[in-house]
1. Quick one: would you say Gln72 is under 28 Å from Ile30 (Cβ atoms) and surrounded by 15 or more Cβ atoms within 10 Å (Cβ to Cβ)?
2. Would you please list the contacts, defined by Cβ atoms under 7 Å and residues six or more apart or on different chains, that run from a residue in the range 23-39 that is closer than 15 Å to Ser86 by Cβ to a residue that is modelled with pLDDT of 75 or more?
3. If we only count helices (runs of 4 or more DSSP H) wholly inside the range 1-104, which ones have 1 or more residues that are of a type in the set (A, V, I, L, M, F, W, C) and at pLDDT 75 or above?
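The values are calculated or read from the model by the stated rules, or taken from the named source; none is laboratory data. Being a predicted model, the structure only gives us computed values, none of them experimental. For neighbour counting, all protein chains shown are included, and Cβ atoms are generated from backbone atoms with ideal geometry for every residue, glycine included.
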Amino acid sequence: MKKLLAQDIVGTIEAPGTIIQTPEQTGSFITAIVVFITVIAGLYALWQFITGGFGYISSSGDKAKVQQSTQQIMMAILGLAVIGASFILGSIIGRLLFGPEFNLFAPVLKTV
């Protein structure tokens, strides 16, 4: 009687193409994470800006609502400025630590 192996039952399972298989692919993974977080932060700032503007329009002269909406709009603008400043600061620090070929959106790991 032939002994059944796990490979005989399920066949050969290969990893999907999106799985990181070499150290050089880590840079594209980090880039994807940075871009994803930036998009989410930008969408959140846009949402805060829109809801603050709607609150400002619908305040009907109530000073507390106007002040709260103005504060929300200012915080959304400040959030966008922080997002932009973080890329500038990240690029400067990256170039100081890793040299002039450093690119925040396309990092490349060098093999030894």
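1. Details: under 28 Å from Ile30 (Cβ atoms): no; surrounded by 15 or more Cβ atoms within 10 Å (Cβ to Cβ): yes.
It is false that Gln72 is under 28 Å from Ile30 (Cβ atoms) and surrounded by 15 or more Cβ atoms within 10 Å (Cβ to Cβ).
2. Listed by first residue and then by second, the contacts come to Thr38/Ile83.
3. Numbers: elements: 6-10, 26-57, 63-98.
Ranges flagged: 26-57, 63-98.
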